Amino acid sequence: MKYIDEFRTGTLAQKIATKIASEANTQRDYHFMEFCGGHTHAISRFGISDLLPDNVHLIHGPGCPVCVLPIGRVENAIRLAQTPGLILCSYGDMLRVPTATGMSLLKAKAQGADIRMVYSSADAIKIAQNNPQHQVVFFAIGFETTTPPTAVAVKQAQALDLNNFTVFCNHVLTPSAISHILQSAEVRQLGLIPLDGFIGPAHVSVIIGSHPYEYFAEEFQKPVVIAGFEPLDVMQAILMLIRQINTGRAEVENEFTRAVLPKGNLKAQRLVAEIFELRRVFEWRGLGLVPYSALKIKSCYAGFDAEQRFQIPALSIADNKACECGAILRGVKRPQDCKIFGTVCTPENPVGSCMVSSEGACAAHYSYGRFRDTNHATSKEN
């Protein structure tokens, strides 16, 4: 397929790998965090880590929208869904995210709650139109990529005078999370997360552009290279990051030029700004309370805000104690460091949210990396 096959060519991958190996300084280590779940999936699926020299390390970040949503918000959604006469619309992955007690939207559905999987916010609008006697709540999650469609749904609901439609808004912001990680004690004081640069998200950057990352490059002296989702995209971004570090630069570069512009999608940004405003603080799984890192519906559209209509309380619920999802999302640990990875916790029976979505670090490693760990261990023994 055009624009995909060209970025999966094995011979080109080997050439880029050779350049990385030749240009990486053997006297130092490089640590790069990918902040997008799509990159996490691609790195595991295509075995990109195996093509890198031993001194180039990739760290998984909090880039999976399903993974970073805290248990309290999932519990809120479950309680909403159990309201008589209410229909909760959700993206598929969210149905399987467990709470600390093992409850999930999928289990609530099995117990009789009217929960419907949708592929877009437009599907939720149609359900509201077809069920005027029911309250319909769209469980909106995701980064800047999925925020514009939610804004469109609110505008459409207003135009259609859909009084039975509301949005439970859980949209979060990428730049705030990156800033929070860079200012954390684990990075600045304790040195638990060595970070030399970031592989910038792809689809998020299509919306917000490359300008928002310039603050990190300048303030924290951390280079950012925005990359597409294909293996050659990621490898080229790694090479560009290595070149920046070798020459003492900390800039924002755009490898994904076929889709990302410096200013992003201005029409989408204006639409989002019309419907949403910043929350003063929002809880992220693994990161805790992060200031100005999420959006809420503006008061002028309060009639479509589920938090206002149903008086949804703020819940802070701890993760399952056996689950290392929070530490994995911060980059402190890897999936294979979790004691229940691949045994108690599997994609069929997830304990933590990182094992639910294909973009989650644990699910990606389970699908593509767990046998590689075994092979590496065996080869070292031999």
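Do the conditions hold for residue 83, that is, is it polar (S, T, N, Q), more than 21 Å from the chain's Cα centre (by Cα) and at pLDDT 95 or above?
The answer is yes for residue 83.
Would you confirm, using the coordinates I've provided, whether residue 183 is of a type outside the set (Phe, Trp, Tyr), surrounded by fewer than 24 Cβ atoms within 10 Å (Cβ to Cβ) and modelled with pLDDT of 95 or more?
For residue 183, the condition - of a type outside the set (Phe, Trp, Tyr), surrounded by fewer than 24 Cβ atoms within 10 Å (Cβ to Cβ) and modelled with pLDDT of 95 or more - is not met.
Do any residues in the range 80-106 that are free of Cβ contacts under 8 Å to residues at least 24 places away in the same chain and under 12 Å from residue 139 (Cα atoms) have Cβ atoms under 6 Å from those of residues that are of a type outside the set (S, T, N, Q) and surrounded by fewer than 20 Cβ atoms within 10 Å (Cβ to Cβ), where the two are at least six apart or on different chains, and which pairs are they?
These pairs meet every condition: 95/106.
Within the range 57-77, is even one residue more than 30 Å from residue 150 (Cβ to Cβ), in contact (Cβ under 8 Å) with a residue 12 or more places away in the chain, touching a helix residue (DSSP H, G or I) at 6+ places or on another chain (Cβ under 8 Å) and surrounded by 15 or more Cβ atoms within 10 Å (Cβ to Cβ)?
For the range 57-77, residues more than 30 Å from residue 150 (Cβ to Cβ), in contact (Cβ under 8 Å) with a residue 12 or more places away in the chain, touching a helix residue (DSSP H, G or I) at 6+ places or on another chain (Cβ under 8 Å) and surrounded by 15 or more Cβ atoms within 10 Å (Cβ to Cβ): present.
If we scan the range 44-54, do we find a residue that is farther than 16 Å from residue 365 by Cβ and crowded, with 23+ Cβ neighbours inside 10 Å?
no
I'm checking my understanding of the structure. Among residues of the range 293-325 that are more than 27 Å from residue 138 (Cβ to Cβ) and in contact (Cβ under 8 Å) with a residue 12 or more places away in the chain, which one is surrounded by the fewest Cβ atoms within 10 Å (Cβ to Cβ)?
Within the range 293-325, the match that is surrounded by the fewest Cβ atoms within 10 Å (Cβ to Cβ) is 318.
Return the residues of the range 268-326 that are assigned to a strand (DSSP E or B) and within 15 Å of residue 169 (Cα to Cα); say none if nothing qualifies.
Scanning the range 268-326 gives 276, 277, 278, 281, 282, 283, 284, 294, 295, 296, 297, 305.
How do the pairs read when you match residues in the range 174-185 that are in contact (Cβ under 8 Å) with a residue 24 or more places away in the chain and assigned to a helix (DSSP H, G or I) with residues anywhere that are surrounded by 19 or more Cβ atoms within 10 Å (Cβ to Cβ) and among the aliphatic types (A, V, I, L, M), using Cβ under 7 Å and keeping only pairs 6 or more apart or on different chains?
Matching pairs, first to second residue: 174/204; 176/290; 177/287; 177/290; 180/287; 180/290; 181/187.
Any idea how many residues of the range 138-192 are closer than 23 Å to residue 92 by Cβ and small (Gly, Ala, Ser)?
Number of matching residues: 5.
Residue check: is residue 248 assigned to a loop (DSSP other than H, G, I, E, B), under 30 Å from residue 304 (Cβ atoms), at pLDDT 95 or above and small (Gly, Ala, Ser)?
No: the conditions fail for residue 248.
The values are calculated or read from the model by the stated rules, or taken from the named source; none is laboratory data. From a predicted model like this one, the values you see are computed outputs, not experimental measurements. Note that we place each Cβ from the backbone using ideal geometry, even for glycine, and neighbour counts take in every protein chain shown.
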